[in-house]
Amino acid sequence: MTSAAKFSQNMTIQIAGKIAAVFVGLGIMAILTRSLGPEGFGEYTTAVTFLQLFGVIVDFGLTLTLLVMISEVGADQNKITSNILTLRLFSGLILFALAPLAVLPFAWSANVKLGVAVGAAAFLFMSGATMLVGVFQRHACLWRSALAEMLNRFILIALVALLAYLNLGVVWMIGAMIVANLAWLVSMIYFARPFIAIRPRFDWPLWKKVISRSWPIAVSIIFNLLYLKGDILFLAYFRDAAEVGLYGAAYKIIDVLTALPVMFMGLLLPILVSSWSANDRPEFKKRLARTFDIFMISAIPIVIGTQAVAEPLALLFAGPGFAATGSVLRWLIISIIGVFLGALYGHTVVALNKQKQMIWGYVAVAVLSIIGYLWLIPLYGMYGAAYVTIFSELLIALITFLMVWRVSQALPSLLVTLKALVSAAIMFGVIQSLPSLPVLLTVLIGALVYLGLMIFLRGLNPKELKLLIADQS
């Protein structure tokens, strides 16, 4: 099992890398929104979201399957990793080649359709790069994947800035991802060399085994994406590109925050798998309960604080043409509670090997969400999309929690959550009483108030900030 100190070290590296990636990502968004405007950014968002659907199909649950398989005792990591990466790139080449054809029947602009055709290669490279993160998680050497991701981000922001200066438009902006994502994939393979000798491998029996283990995850993720990204695609179908751009700017902030719980659970998943397979139920429940506390400590102030600063945040990151983004962000941010809990219990379902039993839950939420999008988006536009997104995220979090509870009997304590709510409510009051200040200074003051109150109420132990989920035994 990964030691507490090593887990803490890797979590620190991941957090530092993600914080840097968040700021660079927001910088990219700021350039895109200001360069393209609401309509152009709406076209960009529609094309990228359409490709993300194909990306999830290409993933086929292989990312999580790789992490689980190479974490098992006696696993041949070279053989498993090389075969799964070959399977990913081979299937991706076929499926991403179909994306430009699949977008043709939609009544979207030429920029969207050409953007899909150009971006398909970029998403193929990205699919290979993201899958290899599991290798670095397994070997507790995440600085390598963090460095590769930062290389990708810096190349992308440099290219986007250049293209914005040249005023070359939507398709060129999407094309910039080809160069950045190819560099990402090559650097990930290079950095993995001390642990894995990656080369093309076609071990058909292993491919069959991998597919048999990954397909339940794949089905779940595909239906998961239908309600996660369906909002943007249905919005693009019913409303104009400018409204998609306004909503997409708010959703980009949600996307940035979504990476945090997924990153954390990627580190924790091998520990949960090990504890459960070793029949160490107390350790399993302790890890789960403490992660619940950490997620609530993180998510609650984000949701409540955003209610006070949504508009100035939107203007800061997206620019003056996106003033309406703040009002929809105030609603959309509520879904973060479901995102954090869905990541926690969704990954735990994988640790419990109950993916097949969860398929019905993802199907049900996808069906209800699609009905909601068809009903509410024509009536309320981007606000209708936000309402359904909140509903779907909270519902899937509840369903995955019930599955985990039924199998493991693991329940969280709500004491820390209550303290987080009290602290965040006071923080909100403080922010509201402040004079007009730059929004980042307001956010900093609010964060300090919240942290101080949580320490005072003993909802946050400074030692746990250092060790996170350290062993107590």
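Bear in mind these aren't lab numbers, they're just calculated from the coordinates by the rules spelled out. Only a predicted model underlies this, so the values are computations on that prediction, with no experimental measurement involved. So basically every Cβ, Gly included, is an ideal-geometry build from the backbone, and we count neighbours across all protein chains shown.
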May I ask you to list the residues of the stretch 41-56 whose amide nitrogen lies under 18 Å from a point 7 Å from Cα along the Cα→beta-carbon direction of ASP240? 41-46
Arrange the peptides 287-295, 383-391, 23-31 so that the one whose residues have, on average, the most other Cβ atoms within 10 Å appears first. 383-391, 287-295, 23-31
Going by C-beta contacts inside 10 Å, put MET265, MET131 in order with the fewest on the left. MET265, MET131
Length released on extending from LEU444 to VAL422, taking residue separation times 0.36 nm less the Cα-Cα span: 6.1 nm
Among ASP231, ASP240, which comes first, second and so on when ranked by fewest other beta-carbon atoms within 10 Å? ASP240, ASP231
Everything considered on the Cα gyration tensor (a ≥ b ≥ c; rounded for a/c under 1.5, else prolate if a/b is larger than b/c, else oblate), the stretch 4-467 must be described as rounded
FRET efficiency for ILE371 and GLU311, using Cβ-Cβ distance with R0 set to 35 Å, rounded to 0.05: 0.65
So between LEU98 and LEU166, what do we pick up on full extension, going 0.36 nm a residue minus the alpha carbon distance? 21.4 nm
Using packing as a proxy for protection, rank 43-50, 175-182 so that the peptide with the highest average count of other Cβ atoms within 10 Å comes first. 43-50, 175-182
Can you run phi through the Karplus equation (6.51, -1.76, 1.60; θ = phi - 60°) for the stretch 409-420 and list ³J(HN,Hα) in whole Hz, with x for Gly and Pro? 6, 7, 10, x, 8, 9, 5, 5, 4, 4, 5, 5
Given points 7 Å out from each Cα along the Cα-Cβ axis, report the ILE19 to ILE455 separation in nanometres with one decimal. 1.5
